[in-house]
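J.: Have a look at the structure that comes next, please.
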Amino acid sequence: AGIKGPVSSDQQEYVDAISQSGEHLLSLINDILDLSKLEAGKADIEEEELLVSDIVNQARLLIGDRAREGQIDLYSLVNDNDIRLRGDKRMVLQILLNLLSNAVKFTLPGGSVTITAATTAAGEIELAVSDTGIGMEPREIPRALSTFGQLDGDLDRRHEGTGLGLPLVKSLVELHDSDLRIESSPGSGTTVSVIFPPERL
């Protein structure tokens, strides 16, 4: 039999919690499956011409609710709306979403996360996510990049996860013959940049 009558606030909370838990589990399973495919060398790149501003807008839309829930301002700065990148759309979007998810996760309420996209003097495409979050020591960066390696900060303990965010990004970036750069310091936030080579412009 279906539920009759109005749903109480307590019932709605339970429904929301179940839904969020399901989405969280699905996200973790997808990350693990994607990473196992990459490690097995079975990930296929389906290259096409991508408008970088479109990818940035899609990522902003998908991460917007989470940023609002965390009371975090989300900005984007694209220096040329006609920048086009040759790459796998799903993978490039996943790179950006994983970086944004990490940035939002480690930024306190009232902070901000900024996506920037630009071409460099060398003809590369630089896609970066900067946050005003808790940051980390340079010595902690290798651990953050290792599979299942999570930092031990209070924010990280409050947010469950497998620690696959950055390792997955690193693998997807390498599939595009590109570089991943991380700049961070405790209390000053983190900037993660993906540098696509000139041949992908």
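J.: Using a 1.4 Å probe, how large is the accessible area of residue 119, given in Å² and rounded to the nearest 10?
T.: That residue has around 60 Å² of solvent-accessible surface.
J.: Same structure again: With every protein chain kept in place and ligands, DNA and RNA left out, what is the accessible area per residue of segment 48-87? Probe 1.4 Å, answer in Å².
T.: On a per-residue basis, 64 Å².
The values are calculated or read from the model by the stated rules, or taken from the named source; none is laboratory data. None of these values were measured; they are calculated from a predicted model. To get the accessible areas, we keep the full protein, side chains included, count just its heavy atoms, and leave off ligands, DNA and RNA. Shrake-Rupley method; radii C 1.70, N 1.55, O 1.52, S 1.80 Å.
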